[in-house]
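The values are calculated or read from the model by the stated rules, or taken from the named source; none is laboratory data. Worth saying up front: this structure is predicted, and the values here are computed from it rather than measured. A quick note on method: Cβ atoms are made from the backbone with ideal geometry, for glycine too, and the neighbour counts reach across all protein chains shown. Ligands, DNA and RNA are stripped out before the accessible areas are found, and what is left, the full protein with its side chains, is counted by its heavy atoms. Shrake-Rupley method; radii C 1.70, N 1.55, O 1.52, S 1.80 Å.
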6 protein chains.
Amino acid sequence: MSADKRPEDKDIYAAGLQVRRDMFGMAGADEQIEAATDFTRPLQDVVTRFCFGETWNRPCLDRKMRSMLTIALLTALGKQNQVRVHVRAAIQNGVSKDEIREVLMHCLVYAGLPAAVDSFATSADVLKQMGLE
Amino acid sequence: MSADKRPEDKDIYAAGLQVRRDMFGMAGADEQIEAATDFTRPLQDVVTRFCFGETWNRPCLDRKMRSMLTIALLTALGKQNQVRVHVRAAIQNGVSKDEIREVLMHCLVYAGLPAAVDSFATSADVLKQMGLE
Amino acid sequence: MSADKRPEDKDIYAAGLQVRRDMFGMAGADEQIEAATDFTRPLQDVVTRFCFGETWNRPCLDRKMRSMLTIALLTALGKQNQVRVHVRAAIQNGVSKDEIREVLMHCLVYAGLPAAVDSFATSADVLKQMGLE
Amino acid sequence: MSADKRPEDKDIYAAGLQVRRDMFGMAGADEQIEAATDFTRPLQDVVTRFCFGETWNRPCLDRKMRSMLTIALLTALGKQNQVRVHVRAAIQNGVSKDEIREVLMHCLVYAGLPAAVDSFATSADVLKQMGLE
Amino acid sequence: MSADKRPEDKDIYAAGLQVRRDMFGMAGADEQIEAATDFTRPLQDVVTRFCFGETWNRPCLDRKMRSMLTIALLTALGKQNQVRVHVRAAIQNGVSKDEIREVLMHCLVYAGLPAAVDSFATSADVLKQMGLE
Amino acid sequence: MSADKRPEDKDIYAAGLQVRRDMFGMAGADEQIEAATDFTRPLQDVVTRFCFGETWNRPCLDRKMRSMLTIALLTALGKQNQVRVHVRAAIQNGVSKDEIREVLMHCLVYAGLPAAVDSFATSADVLKQMGLE
């Protein structure tokens, strides 16, 4: 995308907010944004605009695919707080429990067993809370 | 998979060898295995059996999907030697150039800009060698 | 090991189960395996067969040596949940408290002070629970 | 510094102890050192002498600058236990709340969004406890 | 920054391009952007707008400070290709050779000796090319 | 070690220099130190005193054991430049080629396949240069 062809900034913000609502509900979207302080507002702004408004709305990969990539990336990076929210969002985006399992089994080979063990534990816990495990 | 339901070990080995041939050609399969020494043979064996025979042949995710996950994982882990071979294999597995670009743009958000910059440089170089860039 | 010389798959599974029992007791072996669901069973299977059945039973390095390597690797990777279980297993495998301390002091130089600080805190806590600190 | 020009070892220790007291109070200095066991004493010794006595007292960068670098490094390394103590110490060293926010926004680009999200959450919690957020 | 108070998108792009020119010269700015293909253009666009237009132009930390943070982050992340370009840019931004050395000595404690050794080697090489070492 | 019981600083330096000579020859010890500039001298000083003088001379683990731990740590950290020098030093410290292979096979499980593949390639190359592969 060249700079002059991009959607208006406010449209990107609105689009990102919608993705957040769809994936995380009001608690992970409007409520987080309203609770932001001067300290956390720039972060929330980047999450809404750059992460969800721009990147998650880019072409070629649908939300389901992006959810699986995100779980793999977070597993390699060892970010369990965010594995937690993204497993829930992945189900919302149409990823099945079996597909999450297979993403993690694939991670095991590349990111190592301990990374996979941590993400399996987190995911199983989330799935249980959702009544799926 | 419980232990007693798994395919015979020799079948897993043969299946893994076939995946390696399909994805990397003879140079990345038979030739590497024949060139193995006492020092590198156990590694080659795990690559053939565990990585490609078992994991890449697991259910739910096809090879195209696994290629995209692998590129994302290798980008987060910073393993450029293997980004190189897996970009080539991804094209072989039906991933388009645009899809590779979008996987890397997605990685940028989660693994950081420098990780994405490195994988973009490696991928562009491989695609150029393949006459695709 | 070439594919045709490997032990039968069921023997590797049995050997891995025994290593798990020896190192982690029934709670970290049979009980974990019995508690496995469709979601976690493939992970448990790889842990038993590939990690403990194959790798921990490979030649040249005894269990004590492998315990020390494992603690170093988990410290570099920042996997505190698994430092926790492997410090306990290390004592079981004959690693002394002083040797664990020295492994962590060695990690400090290579993996950085914060990685060592985290593993010292986890290890001291485990050793205290075991009545050794 | 060549070996013969360095301050006496006991002076480095005393200087490091003073930096610890200034940055973390008695609880993060004398009390930690007194609570050290045979297991943790070598770690405490390296923290006092090498980390704070030698490195934090090196020339060119003042404590405020080193605090900001430390928060950035700990964010990239994902060491939240230590982000926690170093955010508090950073305030003590004259880093403002706004400067901490900007360090983390800078980290977001290079270390990725999840690393920044974790450090923002930890920092906001510490600042709240200090009555600054 | 709330979404409605941000500068126009085209102004952010122009500002980012100027930062790139100032820090890396035409070769690291206009020439890279002109050489971009469909594959690499979205990356170049994020570098110009998000990295340099938005983040490097944020308040509280000047370019010199951001250069030092960037070298620390890249050292912790092990991204030597980018240590290379950012050491050169740091000198441009007013960071002295002695300050670079001290940033790396500080990294040594937190990111470990091997990370520091790699960045020292890269930095010494760049400084030599610049006639400063 | 409490501060007052430590050997004199100049003795630690001399001891570290001897370890460097034993493990890396004059090229990796005296020659590197003599080639140090104002920029790299503080690094060389920490390598000699803290890494080799203090840590490698600590009790409980001999040099052979420390070599194996170091190769494992460098593999997990992805530091191939230093895997290169430490494989050579490991042979010097009495680690056999088979033991290096087994350390790397152990790393494969914990740090992931790509980390092991990189270290196998580096190690095989070093061993070949030494006439051992």
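Treat each spin label as a single point 7 Å out from the Cα along the C-beta direction, and report the residue B:132 to residue C:129 distance in nm.
For residue B:132 paired with residue C:129, the spin-label model returns 4.8 nm.
Over the stretch D:57-125, what is the mean sequence separation of C-alpha contacts under 8 Å (at least six apart), divided by residue count, expressed as relative contact order in percent? Mind dumping the intermediate values first?
Numbers: 59 pairs, mean separation 25.8, N = 69.
Reported relative contact order: 37 percent.
Label position 7 Å from Cα toward Cβ: report the copy-to-copy distances for residue A:132 in nm, one decimal, ordered from shortest.
3.1, 4.0, 4.0, 5.0, 5.2
Using only atoms on other chains, find how many Cβ atoms lie within 10 Å of each Cβ of peptide E:79-88 and report the average.
That average works out to 3.
Taking the full set of protein chains and a 1.4 angstrom probe, give the accessible area of residue F:65 in square angstrom, rounded to the nearest 10.
20
Find out how many positive minus negative residues lie around residue C:91, taking Lys and Arg as positive, Asp and Glu as negative, among other residues whose Cβ is under 13 Å from that of residue C:91. Provide the component values of the computation, followed by the final result.
Working: positive: C:63, C:64, C:84, C:88, C:97, C:101, C:128; negative: C:22, C:98, C:99, C:133.
After counting each charged neighbour, the total is +3.
With a point put 7 Å past each Cα toward its Cβ, work out how far residue A:21 is from residue E:41 in nm, to one decimal.
3.2
Any of C:64/C:128; B:97/F:79; B:79/C:79; B:64/C:79 with alpha carbons more than 23 Å apart? Name them for me. It would help to have the intermediate numbers written out before the result.
Values: C:64/C:128 21 Å; B:97/F:79 30 Å; B:79/C:79 20 Å; B:64/C:79 30 Å.
Pairs exceeding 23 Å: B:97/F:79; B:64/C:79.
Averaged over peptide C:93-104, how many Cβ atoms belonging to another chain are found within 10 Å of each residue's Cβ?
4
Over the heavy atoms of residue A:13, what accessible area does a 1.4 Å probe trace out, to the nearest 10 Å²?
Number for this one is 50 Å².
Round to the nearest 10 and give me the degree value, 0 to 90, for the angle of helix A:9-24's Cα axis relative to the longest principal axis of chain A.
30
Got the relative contact order for chain A handy, in percent, Cα pairs under 8 Å and 6 or more residues apart?
Details: 116 pairs, mean separation 29.5, N = 133.
Relative contact order here is 22 percent.
At 1.4 Å probe size, with every protein chain present, just tell me what the per residue accessible area of chain E comes to in Å².
Details: 4860 Å² over 133 residues.
Per residue, chain E has an accessible area of 37 Å².
Please arrange E:132, F:127 by accessible surface area, largest first, computed with a 1.4 Å probe and ligands excluded. List each step's numbers first, then the result.
Details: E:132 75, F:127 0 Å².
My answer, sorted largest first, is E:132, F:127.
Given label points at 7 Å from Cα along Cα→Cβ, what nm distances, shortest first, separate residue D:21 from the same residue in every other copy?
Residue D:21 label point versus its equivalents elsewhere: 4.2, 5.5, 5.8, 5.8, 7.4 nm.
From Cα pairs below 8 angstrom and at least 6 apart in sequence, can you work out the relative contact order of the stretch C:1-77, rounded to a whole percent? Each step should come with its number before you reach the end.
Working: 40 pairs, mean separation 27.3, N = 77.
Normalised by residue count, the contact order of the stretch C:1-77 is 35 percent.
Within chain D, what whole-number % of the accessible surface is contributed by carbon and sulfur, with the 1.4 Å probe and all protein chains included in the calculation? Walk me through the numbers before you get to the answer.
Numbers: 2420 of 4840 Å².
Of all accessible area on chain D, carbon and sulfur atoms account for 50 percent.
Provide Rg over Rh for chain E; use the alpha carbon set for both Rg and the Kirkwood Rh (inverse mean inverse pair distance). Don't jump to the answer; show the numbers that get you there.
Working: Rg = 15.7 Å, Rh = 15.7 Å.
With Rg and the Kirkwood Rh in hand, the quotient comes to 1.00.
Using only Cα atoms and rounding to the nearest 10 degrees, what angle (0 to 90) does helix C:63-77 make with the longest principal axis of chain C?
70
Using the Cα centre as the reference, give the magnitude of the dipole from point charges on the C-beta atoms of chain E (Lys, Arg: +1; Asp, Glu: -1; all else neutral), rounded to the nearest 20 debye. Write down the numbers at each step before the final one.
On the way: 17 positive and 18 negative charges, 45 e Å.
Magnitude of the dipole: close to 220 debye.
For the pairing of chain E with chain D, what total accessible surface becomes buried, with a 1.4 angstrom probe, in square angstrom to the nearest 100?
Details: alone 8210 and 8210 Å², together 13590 Å².
Approximately 2800 Å² gets buried when E meets D.
Given a Förster radius of 41 Å and the C-beta distance between residue F:14 and residue B:81 as r, what FRET efficiency does 1/(1 + (r/R0)^6) yield to the nearest 0.05? Write down the numbers at each step before the final one.
Values: r = 40 Å, r/R0 = 0.98.
Once the sixth-power term is evaluated, E becomes 0.55.
Please give the helix F:97-111 orientation as an angle from the longest Cα principal axis of chain F, in degrees from 0 to 90, rounded to the nearest 10.
The answer is roughly 80 degrees.
In whole Hz, with x marking every Gly and Pro, tabulate ³J(HN,Hα) for the stretch F:46-51 from phi via Karplus 6.51 cos²θ - 1.76 cosθ + 1.60, θ = phi - 60°.
5, 4, 5, 6, 7, 6
If we hang a label 7 Å off Cα along the beta carbon direction at residue C:81, how far is it from the matching labels on the other copies, in nm, shortest first?
1.7, 1.7, 3.0, 3.3, 3.5
Peptide D:31-44: average number of partner chain Cβ atoms within 10 Å per residue?
On the way: counts 0, 0, 1, 0, 0, 2, 6, 4, 12, 8, 3, 12, 11, 2.
Per residue, the number of nearby Cβ atoms from other chains is 4 on average.
Separation between the residue B:96 and residue A:6 pseudo-spin-labels, each 7 Å from Cα along Cα→Cβ, expressed in nm?
Label at residue B:96, label at residue A:6, 2.4 nm between them.
Which residue is it, in chain C, whose C-beta lies closest to the C-to-D rotation axis, and what is that distance in whole Å?
Residue and rounded Å distance to the axis: C:78, 4.
Would you mind pulling out the separation of the Cα centroids of the stretch A:48-96 and the stretch C:20-85, in Å?
Each part's Cα centre sits 29 Å from the other's.
With the cut-off at 1.5 for a/c, could you classify the protein assembly as shown from its C-alpha gyration tensor as rounded, prolate or oblate? If you can, show how the numbers build up before the last one.
Working: a/c = 1.35, a/b = 1.00, b/c = 1.35.
Because its axes are fairly even, with a/c under 1.5, the protein assembly as shown counts as rounded.
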